[in-house]
Amino acid sequence: MADVEALTAFLQDVDLTVSGLDAPSVRLWIERDESGVIAGSTGYEISADGRHGRR
């Protein structure tokens, strides 16, 4: 949950959407710099049947 909060703050800082980050169908990766600050992220959402993904 701490990663979701940190990622939410990061995305808000760069004016990107934060809707649905904690949804069970969302998969996220976070890249942190050497001091632990989020430097980037990527992710995707899986369809309800688990057969399709969307970035």
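Laboratory data are not the source of any read-out in this text; all were calculated from the coordinates shown. Computed from a predicted model, the values in this text were never measured in an experiment. We place every Cβ from the backbone using ideal geometry, glycine too, and count neighbours over all the protein chains shown.
What angle, in degrees between 0 and 90 and rounded to the nearest 10, separates the Cα long axis of helix 2-13 from the longest principal axis of the Cα atoms of the chain? Approximately 80 degrees, to the nearest ten.
Relative to the current alpha-carbon distance between GLU31 and ALA9, full extension at 0.36 nm per residue lengthens the span by 6.5 nm. Restricting attention to the chain, which GluC sites (Glu not before Pro) occupy a DSSP loop and are surrounded by at most 15 other Cβ atoms within 10 Å? Sparse-neighbourhood loop GluC sites (Glu not before Pro): GLU34.
One quarter of the convex hull surface built on the alpha carbon atoms of the range 2-54 amounts to 3.9 nm², the projected area averaged over directions.
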